[in-house]
Amino acid sequence: MRFAAIALIALCASSVQAAVINIKPSLVKVFDAAFNDITSTAIDGINGNSLFLNPDAAGGTYTLQVDLSFTIGDLQPTELGFGNAAFNIGLDGQMTQSAAAPGWNPESGKTVDKNGAAPGGIVDKWADNGDYGVSGDLQGMVIGTDPPGFGPVDIDPRRAFGKNGDEYFGTVFLDFPGVAGSTGGIYIEGAGGSTYDANNKLVAAGTTVTGGALNFQLIPEPSSAVLMGLSGILVVACGRRLRC
């Protein structure tokens, strides 16, 4: 499945109108150097896709937990749902991979029931979910389902992934200096994707993958940005559109 999925992703034809897969990074937690959860005190505010954090009085390092999820839209009549997507994760400024938990942390051990009350329906949620480039470089990432193995329509939950809201699929942990004036960010670059058709076959023609971005800045005093509570931590990031 893995190699077939990656090969099909490369067959995109940008001239064909087709589905849009949007991959979004969302900040969910902030930890101090001892890995204590300091989310409620570290986050000061948000303005667009820019997040403002309060500096650490001791000048330590923050570890940010950033979850990735996707939605899919603009499906054409022959496109029934999400097949797979290829993307890269980029870091800029003073943002680095976490020293304690580097690399990609895929959603793992998660299963779905593809055929309801019938026996033998428990299967892995994801057929592909990993860094298939150089190990640990967060490049050449692939997230994918297994359409040939799908269960009945309206029963297998994989058929609806990303259609009605964000579908979580993994996490990255990032280190960021807890010093006033520090700046950095994470961004997603789309590299192609596919949907599946009525024959449960992957269809890559024209599929567009967009990637969101988050920018971070540590400020010495509370910012004038709109303060957000814990219930508003999940960020709808702006997207950058890329086609194969």
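FYI, it's all coordinate maths here, none of it is from the lab. Keep in mind the model is a prediction, meaning the values are calculated, not measured. Every residue, glycine among them, receives a Cβ derived from its backbone with ideal geometry; neighbour counts consider all protein chains shown.
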Check which residues have an amide H placed less than 5 Å from Gly130's amide H, if you skip close sequence neighbours.
Val142
Would you mind checking which residues have amide H under 5 Å from Gly83's amide H? H placed 1.01 Å from N; only 5 or more apart, or other chain.
Ser194, Thr195, Tyr196
Which of the peptides 190-197, 147-154 is most tightly packed, and how do the rest follow, going by the mean number of other Cβ atoms within 10 Å of each residue?
190-197, 147-154
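What is the sum of charges, Lys and Arg at +1 and Asp and Glu at -1, for the other residues whose Cβ falls under 15 Å from the Cβ of Gln65? Don't jump to the answer; show the numbers that get you there.
Details: positive: Lys24, Lys29; negative: Asp32, Asp37, Asp67, Glu107, Asp175.
Every neighbour counted, the sum reads -3.
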For region 32-45, in order, what is each residue's ³J(HN,Hα) by Karplus, 6.51 cos²θ - 1.76 cosθ + 1.60 with θ = phi - 60°, in whole Hz (x at glycine and Pro)?
8, 5, 8, 6, 7, 6, 10, 3, 5, 9, 7, 7, 9, x
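Using DSSP to define loop residues, name the trypsin sites (Lys or Arg not before Pro) in region 91-156 whose beta-carbon has at most 12 other beta-carbon atoms within 10 Å. Could the numbers behind the result be given before it?
Values: sites: Lys110, Lys114, Lys125; in loops: Lys110, Lys114, Lys125.
Answer in residue order: Lys110.
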Radius 11 Å from Cβ of Val28, net charge of other residues (Lys, Arg +1; Asp, Glu -1):
-1
Please compute P(r) over all alpha-carbon pairs of region 77-162, binned at 10 Å starting from zero, and give each bin as a whole-number percent.
15, 39, 26, 16, 4, 0
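Listed here are the pairs Lys125/Lys163; Lys24/Lys114; Lys29/Lys125; Lys24/Lys163; Lys114/Lys201; which of them are more than 20 Å apart at the Cα?
Numbers: Lys125/Lys163 16 Å; Lys24/Lys114 26 Å; Lys29/Lys125 24 Å; Lys24/Lys163 14 Å; Lys114/Lys201 17 Å.
Checking Cα-Cα distances, Lys24/Lys114; Lys29/Lys125 exceed 20 Å.
Show me the trypsin sites (Lys or Arg not before Pro) within region 145-213 that DSSP assigns to loop and that have at most 13 other Cβ atoms within 10 Å of their Cβ. Write down the numbers at each step before the final one.
Numbers: sites: Arg158, Arg159, Lys163, Lys201; in loops: Lys163, Lys201.
In loop regions of region 145-213 (DSSP not H, G, I, E or B), the sparsely surrounded trypsin sites (Lys or Arg not before Pro) are Lys201.
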